[in-house]
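Below: the structure, in structure tokens.
The values are calculated or read from the model by the stated rules, or taken from the named source; none is laboratory data. These figures come from a predicted structure and were not determined experimentally. Backbone-built Cβ (ideal geometry, glycine too); neighbour counts: all protein chains shown. These accessible areas exclude ligands, DNA and RNA; they are computed on the full protein's heavy atoms, side chains included. Shrake-Rupley method; radii C 1.70, N 1.55, O 1.52, S 1.80 Å.
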Amino acid sequence: SLPPGLTFNTNLVTITGTPTVPGAFTFTIKAVESGNITYTATQQYTLYVSTGSPLTLTPLTPAPPGGAVGSGYASFTFQVAGGVPGYSWALQSGTSVNGLTLTSDTGLLTGIPLAGGVFPVGVTVTDASGAQASASFNLNVLGISTPSLPAGALGVPYSQTLAAVG
């Protein structure tokens, strides 16, 4: 059907009105000529109704929450606005960043971080009309960077400093 707020006038063969809902609307127009033989033609259209502002993508402020190695992480890290609703999300660096993946239909970043440190996360969002916006932020993941401990000996004083990253 047509976007809410629009109508099709069959006499004037026009679509008129003021759209009241943003989104992608697919509909089919059918033309029929009657006479001794009836001819019919159809054409499918998709009308994109934007929010009235350009598509934008911004990281959450002050910053998305940090994570920790081995602990579950889930956060919406970006805010999308404008364009034509019906957004799809993708990481710029492939399918995952440090064990985290981005849900393509919601933009939710989830997973279990594999290493500590500061990791750049770049995201691209595409709206229903194909317009794209990109943004990035640094994800701080707490981890212990000391990979192993030296052996100790019975009766010998032991001391080892441990280090953390992120």
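Note down the accessible area of F119, probe 1.4 Å, to the nearest 10 Å².
In the full protein context, F119 sits at about 50 Å².
Report ³J(HN,Hα) in whole Hz for each residue of region 157-166, in order, from the Karplus equation J = 6.51 cos²θ - 1.76 cosθ + 1.60 where θ = phi - 60°; Gly and Pro get x.
Karplus values, whole Hz, x for Gly and Pro: x, 10, 8, 8, 8, 9, 10, 10, 10, x.
Specify the residue with the greatest mean-square fluctuation among A131, A153, A115, computed from a Gaussian network of the chain linking alpha-carbon atoms under 10 Å apart.
A153
For region 53-166, count the residues as N, evaluate 2.2 N^0.38 Å, and divide the Cα radius of gyration by that value, please. List each step's numbers first, then the result.
Working: Rg = 19.0 Å, N = 114, 2.2 N^0.38 = 13.3 Å.
So the Cα radius of gyration is 1.43 times the expected 2.2 N^0.38 Å.
Using every Cα-Cα pair within region 94-139, state what percent have a distance larger than 16 Å. Walk me through the numbers on the way to the answer.
On the way: 429 of 1035 pairs.
I get 41 percent for the Cα pairs in region 94-139 exceeding 16 Å.
Say each of Q92 and V118 gets a label point 7 Å from the Cα, pointing the same way as Cα to Cβ; how far apart are those two points in nm?
Reported label-point gap for Q92 and V118 is 1.7 nm.
Just want to confirm a number: the relative contact order over region 1-62, from Cα pairs under 8 angstrom separated by 6+ residues, in percent.
Rounded, it is 28 percent for region 1-62.
Which whole-number percent is the relative contact order of region 30-166 (Cα, under 8 Å, 6+ apart)? Can you show the working numbers first?
Details: 283 pairs, mean separation 30.8, N = 137.
Relative contact order here is 22 percent.
Taking only Cα atoms and a 10 Å spring cutoff, compute GNM fluctuations for the chain and point out the largest among T51, T126, T28.
Maximum fluctuation in the GNM of the chain, among the listed residues, is at T28.
Just the ratio, please: alpha-carbon radius of gyration of region 10-65 over 2.2 N^0.38 Å, N its number of residues.
With N residues counted in region 10-65, Rg over 2.2 N^0.38 Å equals 2.00.
Roughly what % antiparallel, to the nearest 5, for the DSSP beta bridges in the chain? If you can, show how the numbers build up before the last one.
Values: 43 of 45 bridges.
Among the beta bridges of the chain, antiparallel pairing accounts for roughly 95 percent.
For a quick check, take a GNM of the chain with Cα springs below 10 Å and name the residue from G72, G23, G155 with the largest mean-square fluctuation.
The residue with the greatest mean-square fluctuation here is G155.
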